[in-house]
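Chemist: Structure in structure tokens, see below.
The values are calculated or read from the model by the stated rules, or taken from the named source; none is laboratory data. Everything quoted here is computed from the prediction, not taken from an experiment. So basically every Cβ, Gly included, is an ideal-geometry build from the backbone, and we count neighbours across all protein chains shown.
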Amino acid sequence: MNPKRKAWFKAYAGMLKATKKKSHFVYLDKEFTDGSVILSNHVGTAGPLSFELFLDRPTRFWGAYEMNSTLGSMYKYQSEVFYHEKRGWNLFGARMFCLLASPLTWIFYKGLNLISTYKDMRLAHTLRESWEAISEGTSIVIFPEVSDKGYLDVLEGFHGGFALLLEFCKKRGMDIPVYVTYYNKENQAHVVDKPILYSELCAMYPDRESQAAYLCGRCNRMGEISRSLGENYTLPEDLPEMKEPALANKKIH
């Protein structure tokens with residue numbers, strides 16, 4: 001559990017943790033370093049919740065600003081966008097469910113100290129707040145998957161907003177390590193790829209679209225590995241390879 005959370009939230013999260021099966025982090029190389037950027041699939045609410053309850057690192061999450069404002073704004077976004085559009089629920093059922101779920105989610109998100117993301121000029125505030133957190137040794141967890149068709153087992157693409165943050169930090173003298181991880185809800189396993197420095201990523205793929213496509217491909221590769229884990233979450237002897245150039249040339253719109 002995040003060691004920097006407030007006492008009331010630690011107690012709240014502790015009660016939630018007691019009701020969940022333990023998540024396991026399986027690293028292809030080394031564990032997360034503080035002050036990094038972590039990219040993961042979303043899996044509905046399961047991904048963020050698993051990170052918060054079972055990762056003992058200082059982290060902050062990126063999330064849509066609607067989820068980090070008023071209770072009314074969250075209710076509208078959660079019922080109409082998250083449950084209805086992304087998860088395919090009946091709109092009336094989503095609205096009824098969120099009458100109970102939204103207040104609980106709103107409290108949880110306040111405790112997370114979420115960093116709001118925007119699609120306009122306010123994104124500059126997101127980047128600066130994230131850079132300040134990284135400068136203090138806090139890692140930023142981002143769920144960049146393209147989810148227009150819902151949360152899929154095989155991701156169709158990454159939005160490239162995370163690359164703006166990496167570029168923002170690089171201009172201020174910070175070459176950030178990037179970790180890509182895939183959370184498999186079936187076996188509660190986060191398979192974590194070896195980190196790559198932003199400078200190394202740029203040397204391979206200089207534009208944001210190809211960077212996003214490449215890292216999405218890495219995430220799907222972690223998904224393949226997660227489905228091949230042995231007993232006690234051991235890695236398979238022959239790790240599946242990925243056709244990186246083809247994936248990196250795919251344009252994400």
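Chemist: Anything in region 59-80 that is surrounded by fewer than 15 Cβ atoms within 10 Å (Cβ to Cβ) and either within 19 Å of the chain's Cα centre (by Cα) or of a type in the set (S, T, N, Q) (or both)? List them, or say none.
Modeler: SER69, THR70
Chemist: If I filter region 117-127 for residues that are farther than 18 Å from GLY44 by Cβ and small (Gly, Ala, Ser), do I get at least one hit?
Modeler: So far as region 117-127 goes, yes, one or more of its residues are farther than 18 Å from GLY44 by Cβ and small (Gly, Ala, Ser).
Chemist: Being crowded, with 18+ Cβ neighbours inside 10 Å, more than 25 Å from ALA11 (Cα to Cα) and either in contact with a strand residue (DSSP E or B) (Cβ under 9 Å, 6 or more places away or on another chain) or of a type in the set (D, E, K, R) (or both): is that true of TYR83 here?
Modeler: So TYR83 fails the test.
Chemist: I would also like to ask the following. For region 98-118, does any single residue satisfy the condition of being under 18 Å from the mean Cα position of the chain (by Cα), closer than 17 Å to LEU165 by Cβ and surrounded by fewer than 16 Cβ atoms within 10 Å (Cβ to Cβ)?
Modeler: Yes, region 98-118 contains a residue that is under 18 Å from the mean Cα position of the chain (by Cα), closer than 17 Å to LEU165 by Cβ and surrounded by fewer than 16 Cβ atoms within 10 Å (Cβ to Cβ).
Chemist: Only residues that are under 24 Å from LYS30 (Cα atoms), in contact with a helix residue (DSSP H, G or I) (Cβ under 6 Å, 6 or more places away or on another chain) and small (Gly, Ala, Ser): list them for region 131-188, please.
Modeler: ALA163
Chemist: Look through region 128-154, keep the residues that are part of a helix (DSSP H, G or I) and among the aliphatic types (A, V, I, L, M), and return whichever of them is nearest to LEU166 (Cα to Cα).
Modeler: Across region 128-154, the extreme among qualifying residues is ILE134.
Chemist: Sort out which residues of region 182-196 are under 18 Å from ASP34 (Cα atoms) and either at pLDDT below 95 or exposed (fewer than 15 other Cβ atoms within 10 Å of the Cβ) (or both), and write them in order of number.
Modeler: LYS194
Chemist: Keeping to region 1-55, report how many residues are surrounded by fewer than 17 Cβ atoms within 10 Å (Cβ to Cβ) and either in contact with a Ser or Thr (Cβ under 7 Å, 6 or more places away or on another chain) or within 22 Å of SER135 (Cβ to Cβ) (or both).
Modeler: Number of matching residues: 7.
Chemist: Now for a different question. Report yes if VAL37 is out of contact with any Gly (no Cβ under 8 Å at 6 or more places or on another chain), closer than 26 Å to PRO177 by Cα and among the β-branched types (Val, Ile, Thr), otherwise no.
Modeler: Answer is yes for this residue.
Chemist: Another question about this same structure. Out of (1) assigned to a loop (DSSP other than H, G, I, E, B); (2) in contact with a Leu (Cβ under 8 Å, 6 or more places away or on another chain); (3) closer than 19 Å to THR117 by Cβ, the odd one out for ASP175 is which?
Modeler: Only one criterion in (1) assigned to a loop (DSSP other than H, G, I, E, B); (2) in contact with a Leu (Cβ under 8 Å, 6 or more places away or on another chain); (3) closer than 19 Å to THR117 by Cβ is unmet by ASP175, namely (3).
Chemist: Sticking with this structure for a sec: Picking from LEU104, LEU164, which residue would you name as being part of a helix (DSSP H, G or I) and out of contact with any Lys or Arg (no Cβ under 8 Å at 6 or more places or on another chain)?
Modeler: Answer to the check: LEU104.
Chemist: I'm trying to understand the selection: among the residues of region 178-201, which are farther than 26 Å from LEU49 by Cβ and either touching a Gly at 6+ places or on another chain (Cβ under 9 Å) or free of Cβ contacts under 8 Å to residues at least 24 places away in the same chain (or both)?
Modeler: Scanning region 178-201 gives ILE196, LEU197, GLU200.
This table checks each residue for (1) of a type outside the set (A, V, I, L, M); (2) farther than 27 Å from GLY14 by Cα; (3) out of contact with any Ser or Thr (no Cβ under 9 Å at 6 or more places or on another chain); (4) modelled with pLDDT under 95.
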residue	(1), (2), (3), (4)
SER102	yes, no, no, yes
ILE107	no, no, yes, yes
LEU114	no, no, yes, yes
ASP120	yes, yes, yes, yes
ILE140	no, no, no, no
